[in-house]
Amino acid sequence: MNKEYYIITGANGSIGQAITEAIAAQGQPVIMACRNLVKSQPVQQQLIEKTGNTDITLLPLDLASFASIIHFAERLSQDSVVIQTLVNNAGVMNQYYSQTTDGFESTIGVNYIGTVLLTRMLLPLMHPGSRIVTTTSLTRYIGKIDETFFAGSPHHYKRFEAYSKSKLALTLYTARLAQELLPRGIWVNAADPGVVDTDMITMHSWVDPLANRFFRPFISTPQEGAVGAVFAATSPEAYGVTGEIFKKHKHTPIPTRLIHSPRAFWLYEETGKKITEVLAKLPVASPKI
Ligand SMILES: NC(=O)c1ccc[n+]([C@@H]2O[C@H](COP(=O)([O-])OP(=O)(O)OC[C@H]3O[C@@H](n4cnc5c(N)ncnc54)[C@H](OP(=O)(O)O)[C@@H]3O)[C@@H](O)[C@H]2O)c1
């Protein structure tokens with residue numbers, strides 16, 4: 001029987017590392033999909049030593065570049081990799097406006113658009129029983145999606161706004177994808193780590209020293225934040241659960257009022273169109289998504 005891999009994006013980051021360690025400690029073959037190999041190699045080595053699992057592979061993946069995502073997916077396909085679980089963990093909350101290689105505002109481009117493209121490109125390597133787990137955030141509750149979603153502007157960029165939009169969009173996409181993949185028996189869920197003591201919550205302002213002293217000690221560790229994603233990705237109890245949000249060992253369905261909202265429908269359609277438009281302009285054969 002073929003080996004079945006667990007792929008974790010941003011596996012060198014705080015929560016990503018904790019997810020990777022927990023899955024590798026179960027003896028599973030893991031692929032760390034990371035944008036910076038120099039920074040990630042020592043992490044790979046540490047994880048091999050800590051877990052005793054030598055089947056931890058490190059591959060380059062930059063979610064801010066369609067070419068990198070295509071290259072990653074093609075490489076796995078050429079190597080006939082079979083995917084047990086894709087954990088979409090990588091994410092950013094950029095302080096300043098920037099654009100991805102393909103011209104999207106970077107927070108939305110990496111967290112949402114790159115993640116969607118990666119997921120769709122890896123679907124052919126999945127089978128009934130495969131799982132997709134995507135990291136969402138509490139900020140989805142304040143996220144607002146409107147017709148300006150794909151048109152980020154340097155003049156109006158606010159990091160929380162972009163981040164919360166990207167996480168709401170990921171949650172909505174998860175729900176739609178769960179419905180789409182139900183007939184194939186692929187289980188699609190989101191995981192919410194809560195508020196976790198990582199670099200991501202650094203505000204780069206005067207509040208940081210106060211937060212470090214009075215806030216950080218009371219929030220979750222990366223290991224605690226990883227529990228929901230690991231449970232959704234590996235546990236027998238989560239088998240067959242789809243379209244839900246995991247928080248530690250509990251899971252609740254993504255609300256139907258969100259899934260069936262006109263905005264959710266618009267977003268799903270528009271995402272497909274935007275990705276297809278960019279793919280058509282790339283100087284490589286356009287993959288089917
Ligand atoms: N911390 C929290 O309180 C919290 C709460 C809710 C949800 N989350 C979510 O949890 C996930 C992990 O966050 P974290 O707190 O562990 O932050 P982190 O330590 O900053 O980790 C983020 C990871 O994403 C990777 N990444 C960033 N841009 C990328 C790109 N273009 N291509 C590929 N990988 C990229 C980073 O790689 P580099 O090392 O190369 O930058 C890093 O491995 C994120 O999706 C975040 O939104 C965090």
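The values are calculated or read from the model by the stated rules, or taken from the named source; none is laboratory data. Note that the structure is a prediction, hence the values are computed from the model and not measured. Cβ placement follows ideal geometry from the backbone for every residue including glycine, while neighbour counts extend to all protein chains displayed. Side chains included, ligands, DNA and RNA excluded: accessible areas come from the protein's heavy atoms. Shrake-Rupley method; radii C 1.70, N 1.55, O 1.52, S 1.80 Å.
See the values below:
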item: Reach of Lys248 by Cα under 15 Å, taken over aspartates and glutamates that are not fewer than 8 positions away in the same chain; result: Asp192, Glu224, Glu237
item: Within a Gaussian network of the chain (alpha carbon springs, distance under 10 Å), most fluctuating of Glu244, Glu74, Glu269; result: Glu269
item: Ratio Rg/Rh, restricted to the stretch 25-65 and using Cα atoms, in which Rh is the Kirkwood radius; result: 1.01
item: Rounded to 5, percent antiparallel among DSSP beta bridges of the chain; result: 15 percent
item: Formal net charge of residues neighbouring Val81 (Cβ-Cβ distance under 10 Å; K, R +1; D, E -1); result: 0
item: Listed peptides 172-179, 156-163 by packing density, highest first (mean Cβ within 10 Å); result: 172-179, 156-163
item: Scaled radius of gyration (Cα, divided by 2.2 N^0.38 Å) that the stretch 1-76 gives; result: 1.05
item: For peptides 10-21, 131-142, sequence by mean Cβ density within 10 Å, most packed first; result: 10-21, 131-142
item: Evaluated at q = 0.15, 0.21 Å⁻¹: base-10 log I(q)/I(0), Debye formula over Cα of the stretch 179-289; result: -0.93, -1.06
item: 17 Å reach of a label modelled at Glu180, 7 Å along Cα-to-Cβ, counting backbone N of the stretch 119-143; result: 119-128, 130-135
item: Of every Cα-Cα pair in the chain, the percent that sits beyond 28 Å; result: 32 percent
item: Rh by Kirkwood over Cα pairs, then Stokes-Einstein D for the stretch 170-244 at 1.567 mPa s and 4 °C, µm²/s; result: 90 µm²/s
item: Solvent-accessible area per residue, Å², over the chain with all protein chains present [probe radius 1.4 Å]; result: 47 Å²
item: The chain, relative contact order [Cα under 8 Å, separation at least 6], %; result: 17 percent
item: Most fluctuating residue given options Ala67, Ala151, Ala22, as computed from a GNM of the chain linking Cα atoms under 10 Å; result: Ala151
item: Long pairs among Lys165/Lys247; Lys167/Lys250; Lys3/Lys39; Lys247/Lys274; Lys50/Lys167, criterion Cα-Cα beyond 29 Å; result: Lys247/Lys274; Lys50/Lys167
item: Per-pair calculated FRET efficiency, R0 = 41 Å: Ile48 and His260 via Cβ, rounded to 0.05; result: 0.35
item: Cα principal axis extents for the stretch 43-145, largest first, Å; result: 41, 31, 27
